[in-house]
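See structure below.
Values quoted throughout were computed directly from the atomic coordinates according to the rules given, and no laboratory measurement underlies them. Only a predicted model underlies this, so the values are computations on that prediction, with no experimental measurement involved. Using ideal geometry, Cβ is built from the backbone for each residue, glycine included, and neighbour counts are taken over all protein chains shown.
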Amino acid sequence: MTSIAILGSGRVGRVLATGLAAAGHTVTIGTLDPTREAAAWADTSVAVATHAEATEAAEVIVNALPGDVSVDVLRGLTTYLEKKVLIDVANATERGPDGMPGTLCYPDGSLAEELQHALPTTHVVKTLNTMVYSVMAAPATLTTPGTVFLSGDDPTAKSTTTALLTDLGWHPDRIIDLGDITTARAPEAFALLIGPLFRALNARAFALGIDHSA
Ligand SMILES: NC(=O)c1ccc[n+]([C@@H]2O[C@H](COP(=O)([O-])OP(=O)(O)OC[C@H]3O[C@@H](n4cnc5c(N)ncnc54)[C@H](OP(=O)(O)O)[C@@H]3O)[C@@H](O)[C@H]2O)c1
């Protein structure tokens with residue numbers, strides 16, 4: 001059992017908190033509005049706290065914040081993030097007029113690299129950002145299995161993340177370790193496809209999938 005802080009109580013935060021708590025982990029949502037969220041999670045095992053309280057108490061922190069504010073918010077939590085695993089699922093884009101992800105905030109790099117640079121003693125792992133939120137904790141809902149990628153510099157942090165992905169229902173065959181944190185550039189660029197795919201598929205759930213069985 002791992003103590004996990006999930007920062008941000010939006011669609012992604014809710015799905016991951018519910019899935020990881022159901023797998024038996026100790027989950028705390030870190031939010032800007034603990035009063036509102038305490039009411040929302042009242043009948044569950046998920047606790048609610050401020051960003052700082054949740055991060056301080058956790059072994060693993062999940063960044064489920066908007067990507068364009070993630071570096072600033074997480075830099076403010078540096079002390080509580082030291083030597084911990086930071087799972088970054090965010091996409092850093094400026095929103096288009098339809099509210100969907102638009103231009104990349106870090107076109108010559110990635111949010112994950114920015115976070116690793118800003119938090120040098122924290123072990124950043126990029127994952128889960130190449131799918132719609134509902135698939136993150138329910139990969140079996142897709143008829144064709146999706147793929148989940150890992151990017152990060154620390155092998156132990158990636159092992160910890162892999163175990164949590166397995167708890168969320170991801171088969172080990174569908175998890176691909178792309179390499180160090182610089183490899184996060186590729187899955188982060190997938191954000192450019194999210195808006196067009198969402199419209200083309202009429203809002204149906206999807207995940208990027210790599211067929212590597214042959
Ligand atoms: N939605 C998807 O299908 C999907 C898929 C892959 C990746 N992602 C990425 O995952 C992240 C979360 O996505 P989401 O769909 O859950 O977003 P969302 O529904 O907009 O939720 C984001 C949450 O972050 C908090 N927040 C918002 N503005 C903030 C600010 N300025 N400072 C601090 N906290 C703030 C809020 O939670 P509190 O009110 O609790 O503080 C908000 O509910 C994003 O980076 C997104 O690109 C989303």
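The table for this structure:
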{"item": "Residue check for residue 48: touching a Phe, Trp or Tyr at 6+ places or on another chain (Cβ under 8 Å) and buried (at least 18 other Cβ atoms within 10 Å of the Cβ)", "result": "yes"}
{"item": "Answer residue from the stretch 170-184, given it is closer than 30 Å to residue 102 by Cα and over 15 Å from the mean Cα position of the chain (by Cα) and is surrounded by the most Cβ atoms within 10 Å (Cβ to Cβ) among those", "result": "183"}
{"item": "For residue 2: the one exception among (1) within 15 Å of the chain's Cα centre (by Cα); (2) away from the ligand (no atom under 11 Å from the Cβ)", "result": "(1)"}
{"item": "Lone qualifier among 92, 52, 112 - being without any contact (Cβ under 8 Å) to a residue 40 or more places away in the chain, farther than 17 Å from residue 25 by Cβ and within 13 Å of the ligand (Cβ to nearest atom)", "result": "52"}
{"item": "The stretch 128-181, subset within 20 Å of residue 193 (Cα to Cα) and part of a helix (DSSP H, G or I), residue farthest from the ligand (Cβ to nearest atom)", "result": "139"}
{"item": "Single condition residue 199 does not satisfy, out of (1) among the charged types (D, E, K, R); (2) within 18 Å of the chain's Cα centre (by Cα); (3) part of a helix (DSSP H, G or I)", "result": "(2)"}
{"item": "Any chance residue 87 is surrounded by 16 or more Cβ atoms within 10 Å (Cβ to Cβ), in contact with a Lys or Arg (Cβ under 7 Å, 6 or more places away or on another chain) and of a type in the set (Val, Ile, Thr)", "result": "no"}
{"item": "Some residue of the stretch 44-61 being within 12 Å of the chain's Cα centre (by Cα) and aliphatic (A, V, I, L, M)", "result": "yes"}
{"item": "Members of the stretch 2-38 found to be of a type in the set (Asp, Glu) and outside any helix (DSSP H, G or I), listed by number", "result": "33"}
{"item": "Extreme residue, nearest to residue 84 (Cα to Cα), among residues of the stretch 27-43 that are of a type outside the set (Asp, Glu), surrounded by 14 or more Cβ atoms within 10 Å (Cβ to Cβ) and more than 17 Å from the chain's Cα centre (by Cα)", "result": "34"}
{"item": "Hits in the stretch 55-89 - residues which are of a type in the set (A, V, I, L, M), away from the ligand (no atom under 12 Å from the Cβ) and within 20 Å of residue 120 (Cβ to Cβ)", "result": "58, 60, 61, 81, 85, 86"}
